[in-house]
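The values are calculated or read from the model by the stated rules, or taken from the named source; none is laboratory data. Because the structure is a prediction, the values reported are computed rather than measured. Heads up, the Cβs are rebuilt from the backbone with ideal geometry, glycines too, and the neighbour counts pull from every protein chain shown. Ligands, DNA and RNA are excluded from the accessible area calculation, which covers all protein heavy atoms including side chains. Shrake-Rupley method; radii C 1.70, N 1.55, O 1.52, S 1.80 Å.
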Amino acid sequence: MKHFSTLFILLFLSFIFPNVTYASAQETVKIEKDTTAYFYLHNNQEVKYITLKKGETYLATIEDLTWMIEIGNAKVHIDKQDAKSINEKITPAQNNNKIQILTNDSTPVYNSHRNSSRQIATLSANTRISSNGVKGYFYEVVIGGKLGYVPIKKMQVDAGVPILIYHHFVENIQKSYFRNNISVVDIVDFEKQMIFLKNEGYTTISLKDLDQWMQKKQALPAKAVALTFDDANLSLEKMVYPILKENNMHGTTFVIGNRVKEETPPFNSEAEIVQFAGFKELQSVMDLIEIEHHTYALHVYNDALNRSQLQLTSAKDLHYDIQQTNEVLKQIDPNIQAQYYSYPYGKFNKNHEATFIENNISLAFLNKGGKAKITSPRLYVPRIPVQNSMPLEQFKSLVLN
């Protein structure tokens with residue numbers, strides 16, 4: 001009768017207010033059998049997160065044909081048939097996201113930090129979870145409104161998510177015109193780096209995934225990495241895209257609006273200038289590479305003042321520049337809704353913060369600073385530059401936790 005009354009009220013409200021959506025109320029559910037829960041990345045990739053033991057009870061909400069259970073800042077799903085609603089009250093435990101921790105292997109979760117505790121779940125390998133902090137020899141976590149405890153010795157403290165930044169690519173860097181440019185990478189080195197990430201089990205996440213994690217609305221795998229490519233050079237389409245496709249990887253390129261042209265000259269891997277991708281080339285890579293902001297006409301450096309043009313521009317002109325870039329991106333694909341921004345040369349002006357927010361820029365990225373933390377400033381997200389002739393061992397040290 002209770003469920004019928006709730007349903008009637010929701011149907012009545014949806015009739016009166018047809019454009020308003022209503023979240024399902026939390027219910028207490030009992031796990032019917034040992035059940036594995038998953039979350040989903042932005043590209044719909046399913047990620048195994050935790051196995052909940054039969055008989056345990058948690059707070060959950062209905063989403064489509066699944067139960068959604070909050071675990072730390074993750075929202076994981078199990079089939080509706082694998083848990084049933086019961087008449088039991090759970091007072092939600094506080095979740096303060098104090099520390100991010102990682103699993104290497106599958107890890108037991110207990111109902112207590114004492115010797116008499118019982119196992120209630122198993123965290124999957126390669127899991128990133130938020131914790132309330134240390135309790136004895138355990139990290140305290142919140143699972144479906146209830147406290148759980150994972151052994152400290154089985155976990156690592158999260159050092160953050162590596163967001164790698166690349167620019168231009170060439171063949172045989174030592175014989176190239178760009179051999180002394182630290183931002184230009186040999187395509188052979190790039191391929192070795194991608195093979196390393198693949199063999200180590202890394203998942204290339206979108207900036208949307210990163211954004212949701214930083215807002216504490218979604219989990220990420222422990223081995224998560226974001227690939228970013230500034231400037232949208234033509235070498236991205238001709239040299240990088242085939243390697244990403246071969247390894248089933250994804251990335252993001254930040255486009256300089258006024259350098260995207262209808263026609264581009266034939267690609268020359270030995271050219272002494274950087275060629276930029278045009279509309280057709282960018283359209284051809286969008287299945288693997290998302291397209292975001294790198295200004296329209298502000299990618300200029302004033303050597304005399306030692307400032308970028310972005311730093312020197314007014315808020316009004318920055319607003320106009322962002323709108324011009326939006327128009328270019330819509331020409332590439334009308335469905336693009338860009339909300340991420342890379343500062344040219346990594347230079348910024350803090351007086352522009354309100355302008356970025358007004359223009360729906362959710363995250364803006366530097367070109368240095370190390371790994372991104374869940375607490376990183378949203379308009380100053382750090383990245384890791386991958387440089388010319390970087391030894392693979394050095395690359396590994398930058399990426400691994």
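Close amide H partners of PHE138, meaning residues 5 or more places away or on another chain with modelled amide H under 5 Å apart, are ILE152. Both radii were evaluated on the Cα set of the stretch 329-372; the Rg over Rh quotient, with Rh as the Kirkwood radius, amounts to 1.03. Volume per residue for the stretch 145-295 equals 141 cubic angstrom (convex hull of Cα atoms). Each of LEU318, TYR340, VAL274 was placed along the dipole of the stretch 267-351 (beta-carbon charges, centred on the mean Cα), and the one lying farthest toward the positive end is LEU318.
Near SER112, the amide H atoms lying under 5 Å from its own belong to ARG118, TYR149; only residues 5 or more places off or on other chains count, and H is placed 1.01 Å from N. Around the Cα centre of the stretch 191-257, unit charges on the Cβ atoms of Lys, Arg, Asp and Glu (plus for the first two, minus for the last two) sum to a dipole of about 260 debye. Loop-located trypsin sites (Lys or Arg not before Pro) in the stretch 102-167 (DSSP state not H, G, I, E or B) with no more than 10 neighbouring Cβ atoms inside 10 Å: ARG118. Averaged over its residues, the chain has an accessible area of 50 Å² per residue, based on protein heavy atoms and a 1.4 Å probe.
Computed about the Cα centre, the dipole magnitude for the chain is approximately 1800 debye when only Lys and Arg (+1) and Asp and Glu (-1) carry charge, each at its Cβ. Annotation: the stretch 321-401 has a Kirkwood hydrodynamic radius of 14.6 angstrom, from the mean reciprocal C-alpha pair distance. Summing charges over neighbours of ILE120, with a neighbour being any other residue whose Cβ is under 12 Å away from its Cβ, gives +2 when K and R count +1 and D and E count -1.
When +1 charges are put on Lys and Arg Cβ atoms and -1 charges on Asp and Glu Cβ atoms, the dipole computed for the stretch 201-318 relative to its Cα centre reaches about 480 debye.
All C-alpha pair distances within the stretch 229-336, sorted into 10 Å bins from zero, spread as 14, 42, 32, 11, 1 percent across the bins. Averaging 1/r over each pair of different alpha-carbon atoms in the stretch 248-401 and inverting the result gives 17.0 Å, the Kirkwood hydrodynamic radius. Peptides 346-355, 103-112, 265-274, ordered by how many other C-beta atoms sit within 10 Å of their residues on average, highest first, read 103-112, 346-355, 265-274. The 3J(HN,Hα) values that the Karplus relation (6.51, -1.76, 1.60; θ = phi - 60°) gives for the stretch 373-385 are, in residue order, 9, 5, 9, 4, x, 5, 9, 9, 7, x, 9, 10, x Hz. Gly and Pro appear as x. Modelled spin labels at LYS54 and ILE357, positioned 7 Å past Cα toward Cβ, are 5.2 nm from each other.
Extension gain, GLU88 to SER116: 0.36 nm times the residue separation minus the Cα-Cα distance gives 7.7 nm. Of all complete DSSP H helices in the chain, those with a Cα span along the helix axis of 20 Å or greater and a mean Kyte-Doolittle hydropathy of 1.0 or more are 2-16. For the stretch 78-195, the share of DSSP beta bridges that are antiparallel, to the nearest 5, is 90%. For the chain, the convex hull drawn through the C-alpha positions has a volume of 166 cubic angstrom per residue. Scattering from the stretch 197-259 was approximated by placing one identical point on each alpha carbon and applying the Debye formula without solvent; log10 I(q)/I(0) at 0.12, 0.14, 0.21, 0.28 1/Å stands at -0.36, -0.48, -0.91, -1.17.
Measuring how big the stretch 60-216 is from its alpha-carbon positions, Rg and Dmax come out at 21.1, 72 Å.
For the stretch 147-233, pairs of C-alpha atoms spaced more than 15 angstrom apart make up 69 percent of the total.
Measuring nothing but protein heavy atoms, the accessible surface of the chain at 1.4 Å probe radius is 49 percent carbon and sulfur.
Between the amide H of ILE99 and those of SER131, GLY133, distances stay under 5 Å, these residues lying 5 or more places away or on another chain, with hydrogens modeled in the peptide plane. For the residues GLU281, GLU27, GLU88, a GNM of the chain with alpha-carbon springs under 10 Å puts the largest fluctuation on GLU88.
Summed over qualifying helices (DSSP H, 4 residues or more, each -39500 (n - 2.57)) and divided by its residue number, the chain shows a 222 nm mean residue ellipticity of -6000 deg cm²/dmol.
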